[in-house]
1. Scan the stretch 286-309 for residues that are more than 17 Å from residue 248 (Cβ to Cβ) and either free of Cβ contacts under 8 Å to residues at least 12 places away in the same chain or open to solvent by less than 50 Å² (accessible area, probe 1.4 Å) (or both) and jot them down.
2. Please work out if residue 93 is out of contact with any strand residue (DSSP E or B) (no Cβ under 6 Å at 6 or more places or on another chain) and under 24 Å from residue 195 (Cα atoms).
3. Could you please give the count of residues in the stretch 42-74 that are outside any strand (DSSP E or B), in contact with a helix residue (DSSP H, G or I) (Cβ under 8 Å, 6 or more places away or on another chain) and either of a type in the set (Gly, Ala, Ser) or within 14 Å of residue 90 (Cβ to Cβ) (or both)?
4. So which residues in the stretch 40-62 are without any contact (Cβ under 8 Å) to a residue 24 or more places away in the chain, over 17 Å from residue 308 (Cβ atoms) and either surrounded by 20 or more Cβ atoms within 10 Å (Cβ to Cβ) or among the aliphatic types (A, V, I, L, M) (or both)?
5. For the subset of the stretch 93-114 comprising residues that are in a loop (DSSP other than H, G, I, E, B) and farther than 17 Å from residue 285 by Cβ, which member is nearest to the chain's Cα centre (by Cα)?
6. Would you say residue 103 is at pLDDT 95 or above, surrounded by fewer than 20 Cβ atoms within 10 Å (Cβ to Cβ) and farther than 30 Å from residue 179 by Cα?
7. Quick one: residue 186 ticks every box in (1) of a type in the set (Ser, Thr, Tyr); (2) open to solvent by 70 Å² or more (accessible area, probe 1.4 Å); (3) not in a loop (DSSP other than H, G, I, E, B) bar one, so which box is it?
8. Which of the following residues is free of Cβ contacts under 8 Å to residues at least 40 places away in the same chain, of a type in the set (Asp, Glu), open to solvent by 20 Å² or more (accessible area, probe 1.4 Å) and under 22 Å from residue 152 (Cβ atoms): 75, 126?
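The values are calculated or read from the model by the stated rules, or taken from the named source; none is laboratory data. From a predicted model like this one, the values you see are computed outputs, not experimental measurements. Counting neighbours? That spans all protein chains shown, and the Cβs are built from the backbone with ideal geometry, glycine included. With ligands, DNA and RNA removed, areas are computed over all heavy atoms of the protein, side chains included. Shrake-Rupley method; radii C 1.70, N 1.55, O 1.52, S 1.80 Å.
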Amino acid sequence: MRGGIPSFRNKLEEGNGIVSTNPPRLRLGIPKGSLQETTQKLFIRAGYDLRISGRSYYPGIDDPDIDCVLIRPQEMSRYVGQGIIDCAITGLDWILENDIAVAELADLRAPWPNYGTVRWVMASKEDSAFHDVKDLQGRRIATEAVGMTKRFLAQHGVQANVEFSWGATEVKPPILADAIVDVSETGASLRANDLKIMHVVLESTPRFIACHDSLKDNWKKAKIDCVLMLLKGAIAAASRVLLSMNLPRENVDAVLKILPALATPTVSTLADPHWIDLSTVVEEKKVRELIPQLYAAGARGIIELPLNKIVD
């Protein structure tokens with residue numbers, strides 16, 4: 001089935017000892033919430049038509065071998081660890097918070113919204129007497145990441161009352177909590193609520209994870225490897241472009257000195273034996289500096305092209 005509600009009949013039949021004749025399928029977890037929109041764009045760049053409806057928790061995808069399920073990142077690693085979902089995207093923070101054994105196959109950090117590094121920080125009011133984690137002995141801490149916070153306190157030999165926060169955590173000090181552990185990407189919310197950072201508890205990025213049992217299945221492992229290759233290829237191309245140019249043969253050395261050291265140009269012969277075509281992949285942010293230098297070194301017909309995937 002493409003789109004709609006995927007059938008979990010295979011899983012039920014396996015649990016009842018019935019040999020299923022249905023073709024194998026990969027159950028893929030798509031994170032709902034802040035990661036959702038960027039994840040959809042990532043799959044589109046990777047070559048998949050991932051369609052997420054506002055009324056369904058089962059996104060459609062143009063791959064007949066994949067069933068997608070939309071789940072909050074906080075729960076994702078639990079379902080992957082239990083084998084209900086074969087593979088998924090979620091944050092490192094929730095993998096550690098749930099403390100369930102899953103296979104971390106890739107760090108998917110990318111220069112897109114919500115796909116960079118986020119920090120879980122311990123914070124208190126600017127004018128409070130709390131400056132270090134040890135100052136919180138016997139105090140109240142509000143957080144959504146209770147397990148992570150308790151482990152951090154234990155590492156520092158501190159006992160405190162850690163309470164689960166359902167949201168708006170940054171407004172709780174000093175009345176409802178002495179300190180908080182909350183996620184921060186820019187620090188703007190902390191500053192707006194007059195909070196100071198005491199410690200960075202964890203730095204987290206999006207991860208691609210899989211169930212250990214799913215990786216033991218040859219078909220599922222091959223399918224997971226294929227999906228991951230395309231996702232990583234899309235991320236690798238996110239900040240790069242292809243530069244193509246013509247230049248006289250005698251100018252090749254001068255142009256190669258200008259190009260970044262890691263660039264590996266492709267050189268092709270043109271109809272005119274005195275000229276060559278040179279193409280190379282470079283970081284997009286460097287192009288505005290490179291093009292004038294390349295032109296001055298004799299390059300002509302310089303073309304900048306966007307890239308969808310780079311697979312090394």
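1. Filtering the stretch 286-309 down to residues more than 17 Å from residue 248 (Cβ to Cβ) leaves 286-292, 303-309.
Answer for the stretch 286-309, where residues must be more than 17 Å from residue 248 (Cβ to Cβ) and either free of Cβ contacts under 8 Å to residues at least 12 places away in the same chain or open to solvent by less than 50 Å² (accessible area, probe 1.4 Å) (or both): 287, 288, 289, 290, 292, 307.
2. no
3. 5
4. Here is the first cut: in the stretch 40-62, the residues without any contact (Cβ under 8 Å) to a residue 24 or more places away in the chain are 40, 44, 49-50, 52-55.
Narrowing further to those that are over 17 Å from residue 308 (Cβ atoms): 52-55.
Across the stretch 40-62, the qualifying residue is only 52.
5. So, considering only residues that are in a loop (DSSP other than H, G, I, E, B) and farther than 17 Å from residue 285 by Cβ, the one nearest to the chain's Cα centre (by Cα) is 108.
6. So residue 103 fits the description; yes.
7. So residue 186 meets the others, but not (3).
8. 75
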